[in-house]
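The values are calculated or read from the model by the stated rules, or taken from the named source; none is laboratory data. Predicted model, so just to flag it, every value in this text is computed and none were measured. All Cβ positions, glycine included, derive from the backbone under ideal geometry; neighbour counts span all protein chains shown.
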Amino acid sequence: MKRLGWYSAGLQSIIATILLVLVAGLGQSFRPDQPSKQVKSDYLANLARLDSTVADLQRTIQQPQSEALVQAAFRRSRLAYKQVEFLTEFYFSGSAKSLNGPPVAEGEVDDGVGIVIQPTGFQVAEELIFPLDADQHTALLQQVTSMQNTIRQLRRVAGYNELTDSQIFDAMRLEVVRLITLGITGFDSPVALHSLPESIAALESIEYTLRAYPLAVQHSALSAQLDQTIDRAIQALRKSSFNRFDRLSFIRNYAYPLNGLLMDAQLALGYPLATSKRMLRPTARTLSDSNAFDPTFFLPYSHAQPTADRIALGKLLFFNPALSGNGQRSCATCHQPNLAFTDGEASPFDLDAKQRIGRNTPTLLNAAFQSFQFMDSRSFSLEDQITDVIHNTQEMSGSIAQATAVLRKDSTYKAQFANAYSDGVTETNLKNALASYIRSLVSLNARPDRYLRGEEVALTAQEKQGFNVFMGKGKCATCHFFPLFNGTVPPAYVKTESEVLGTPATDAEKQLDTDAGRYKTTKIDIHRNAFKTPTVRQAALTAPYMHNGVYKTLNQVVDFYDKGGGTGLGFTLENQTLPTDKLNLTAAEKRALVAFMKSL
């Protein structure tokens, strides 16, 4: 009876697929001014195919079959998902996360109570299939059943959802971003390493979607360019293995041109670009444009937008020791411009210069591109961070209220505040001016950025190799996301992650550092020893490294990751989020990694 049930369920799925394909075929009769209806029809047909392949995967697991057959069925399901990914991510992000979110539990605080959200979907199943774990048979079946339920719910909802042509093009461009930042880096296929075939499937879905539009008739040259770029990108992906793939050339020669051509096609067809406020601006042709990212994205709505006057005022305040309790320390004391706004110390001295403050001073460059501030992610805005630092008895031991009162008596500052703000010197404006200056500290125009967007800029062979190791074999870009190289997750760039690395207390690497990190704020066990993922831009100037400044050189940092973090050093860490497997980097690959990071 069970086998008959599987056959019946499979037959129903196949019939549904056939019906939807027939409906999709009717799309040929859609009017030329209704391509979005054709795209929707194709999307529903592909969702049915995904449903069918996941049902096949479930049956393969239930029977049970050999590891090779289960893995093959899994790969087919993932390829089917990649065909629907760009629209699912755009219109149904919750379903997309349930189907293909990272395989790590998340912790959230709701009304002061810590909540742990367990991961689901393909990536969780992948860890149980590669290799196939017989002891986890029930858990694997539960995952696949949950995925089926999500897909079937998605199919119901998608039938009622209306697509627009502008949004379809927006979704295709975001899929190119996703492919660059999460696809070819191995982020969503960390164990099976099936990233390149899956990237091909994602590109094919874009290529097929473009056929619904009259581009070849109305703009034949542009259409030919698009076809040629996609075909060349697919060929580049086809002829390489994961560790040998030249990601630098792929992004520069294929992915970035494709993103720009999709924008050109959208505008040529008369579909406007998105106007919503985003971290990654909808007008960016490449991720490496110097103004691709909006430093005001995380600015609280209640605070004023940066202006030239506010930034200039904030810069003066940044170097003014009057903000500290003893009138001797400014923000620049610990955030020195010549050291990329760090201080060169493992950790800074307290205000009295008698003892060290526990954590390393992070760079302020690109600090605006993070959803949280401080290494333990305890502040949600730069304004809140400024309040914390000024009032912290070890750091500034000052008072924003007192500083405001002092500045009101200073005729120069009073005039500058009046130029910058209609209500003059206030506590809110003081914080906002400082934050405006920090938001202006954008550093996204290094040699690799200029090279990637096609300028005649030289990168050494070693730097090029280092980029490819960073984005591939080294798995660096699965936490330090391209191109910000921090923990803010693409392609939406709305959330900055924390990671548990297992950082040692000293460079002897004999014991785990005792700093509980984010756990101090959230009291969620998975956040114990978790720290925000910082940017590696300007890394040549920001030594020493890690939250406690334990490593003096980038070579030491690379060795730590190569060993598998704290677990690789022998520490007991059940919640380590850094992959614990050794990277097996060669000496040349390690040197190349360091060379690339210094080029930033």
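All told, A587 falls short of being hydrophobic (A, V, I, L, M, F, W, C), in contact (Cβ under 8 Å) with a residue 40 or more places away in the chain, surrounded by fewer than 16 Cβ atoms within 10 Å (Cβ to Cβ) and under 21 Å from L459 (Cα atoms).
Pairs meeting the criteria (first residue in the range 385-398 and within 13 Å of I438 (Cβ to Cβ) and at pLDDT 95 or above, second residue among the acidic types (D, E) and not in a helix (DSSP H, G or I), beta carbons under 7 Å, at least 6 apart or on different chains) are V389/E395.
Looking only at the range 555-571, residues that are over 20 Å from V594 (Cβ atoms) and free of Cβ contacts under 8 Å to residues at least 40 places away in the same chain come to 1 in all. The single residue among T577, T572 that is among the polar types (S, T, N, Q) and within 22 Å of the chain's Cα centre (by Cα) turns out to be T577. Looking across R155, R173, R211, R178, one residue alone is charged (D, E, K, R), assigned by TED's automatic domain parsing to the domain that holds A73 and under 22 Å from K40 (Cβ atoms). It is R155. Exactly one residue out of S276, S288, S330, S249 is more than 30 Å from I400 (Cβ to Cβ) and touching a helix residue (DSSP H, G or I) at 6+ places or on another chain (Cβ under 7 Å): that is S288. Per this entry, K563 is not counted among residues that are touching a Pro at 6+ places or on another chain (Cβ under 9 Å) and at pLDDT 95 or above. In this structure, does S377 turn out to be among the hydroxyl-bearing types (S, T, Y), in contact with a strand residue (DSSP E or B) (Cβ under 7 Å, 6 or more places away or on another chain) and assigned by TED's automatic domain parsing to the domain that holds D352? So S377 passes the test. Checked against the criteria, V104 counts as among the aliphatic types (A, V, I, L, M) and either closer than 14 Å to Y43 by Cα or modelled with pLDDT under 95 (or both). Scanning the range 547-562 for residues that are crowded, with 19+ Cβ neighbours inside 10 Å and either assigned to a loop (DSSP other than H, G, I, E, B) or hydroxyl-bearing (S, T, Y) (or both) yields a count of 6. Would you please name the residue that is farthest from T138 (Cα to Cα), looking only at residues in the range 36-92 that are over 28 Å from the mean Cα position of the chain (by Cα) and not in a helix (DSSP H, G or I)? It comes out as S66. Within the range 164-191, which residues are at pLDDT 95 or above, surrounded by fewer than 19 Cβ atoms within 10 Å (Cβ to Cβ) and not small (G, A, S)? Answer for the range 164-191, where residues must be at pLDDT 95 or above, surrounded by fewer than 19 Cβ atoms within 10 Å (Cβ to Cβ) and not small (G, A, S): T164, Q167.
Assess whether S302 counts as being surrounded by fewer than 17 Cβ atoms within 10 Å (Cβ to Cβ), under 26 Å from D384 (Cα atoms) and over 26 Å from the mean Cα position of the chain (by Cα). Spelling it out, S302 is indeed surrounded by fewer than 17 Cβ atoms within 10 Å (Cβ to Cβ), under 26 Å from D384 (Cα atoms) and over 26 Å from the mean Cα position of the chain (by Cα). Among the helices (runs of 4 or more DSSP H) confined to the range 430-526, the ones with at least 1 residues that are among the polar types (S, T, N, Q) are located at 461-471, 519-522.
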